[in-house]
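In what follows, a single structure is set out as structure tokens and then discussed.
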Amino acid sequence: MRHVFIFRSGRESRFLRQLPQMLAAYFEDKGGQYQILRVSTPEEAVQAARESCRAARDVRLYACGDDGLLHDIVNGAAAYPHAAVGIFPDSKKKDIAGSLGE
């Protein structure tokens, strides 16, 4: 299974800036395939999600940021039933993080 973490460039909290290092440590320990992508616009996020879904049969996409980025990634992955989408919410977004729990 391939894991793709998509960030919007330049709009990250301290938690999201540290997340790539945490992911590297996790996947180094546990194994598995992962990729970190940075996008600048909603169109790039949609395209990154689509390309990731085309490239792997089992793929998990993670929006690392706000609900707008999540929306773009869901739109990109919508036509691919083998894809699943999750979120690492920006820690400033208390409403999203609180609703998801840990």
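The values are calculated or read from the model by the stated rules, or taken from the named source; none is laboratory data. Computed from a prediction, not measured in an experiment: that's the story for all the values here. Methodologically, a virtual Cβ is constructed for each residue, glycine included, from the backbone with ideal geometry; neighbour enumeration extends over all protein chains shown. Please note that ligands, DNA and RNA were not included when accessible areas were found on the heavy atoms of the full protein model with its side chains. Shrake-Rupley method; radii C 1.70, N 1.55, O 1.52, S 1.80 Å.
Worth a mention:
- Read-out mean projected area of the Cα convex hull in nm², derived from the coordinates shown; its label in (1) 10.1; (2) 6.2; (3) 8.1: (2)
- Heavy-atom accessible surface of the chain: percent carbon and sulfur, 1.4 Å: 49
- Around the amide H of SER13, modelled in the peptide plane, lie the amide H atoms of SER91, all under 5 Å away and 5 or more residues distant in sequence or on another chain.
- GNM result for the chain, Cα springs below 10 Å: residue of GLY86, GLY65, GLY31 fluctuating most strongly: GLY31
- Given R0 = 22 Å, the distance between the Cβ atoms of GLN18 and THR41 translates into a calculated FRET efficiency of 0.35.
- Remark: the chain carries 59 Å² of accessible area per residue (probe radius 1.4 Å; ligands, DNA and RNA excluded).
- Backbone phi angles across region 21-28, fed through the Karplus curve with coefficients 6.51, -1.76 and 1.60 (θ = phi - 60°), yield HN-Hα couplings of 5, 5, 5, 4, 5, 4, 6, 5 Hz in residue order; Gly and Pro are listed as x.
- For the residues SER52, SER40, a 1.4 Å probe over the protein chains yields an accessible-area ranking, largest first, of SER40, SER52.
- Database remark: amide H of GLY65 closer than 5 angstrom to the amide H of PHE88, ASP90 (H placed geometrically; neighbours at sequence offset of 5 or more, or on other chains; Pro and chain starts carry no H).
- Karplus 3J(HN,Hα) series, Hz, for region 45-53 with 6.51 cos²θ - 1.76 cosθ + 1.60 (x for Gly, Pro): 5, 4, 5, 4, 5, 4, 5, 5, 5
- Within the full protein context, the accessible area of ARG54 is estimated at about 150 Å² for a probe radius of 1.4 Å.
- For region 35-42, the Karplus equation 6.51 cos²θ - 1.76 cosθ + 1.60, evaluated at θ = phi - 60°, returns couplings of 9, 10, 10, 10, 10, 10, 10, x Hz by residue, with Gly and Pro reported as x.
- Distance in nm between pseudo-label sites at HIS71 and GLN33 (7 Å out along the Cβ direction from Cα): 3.1
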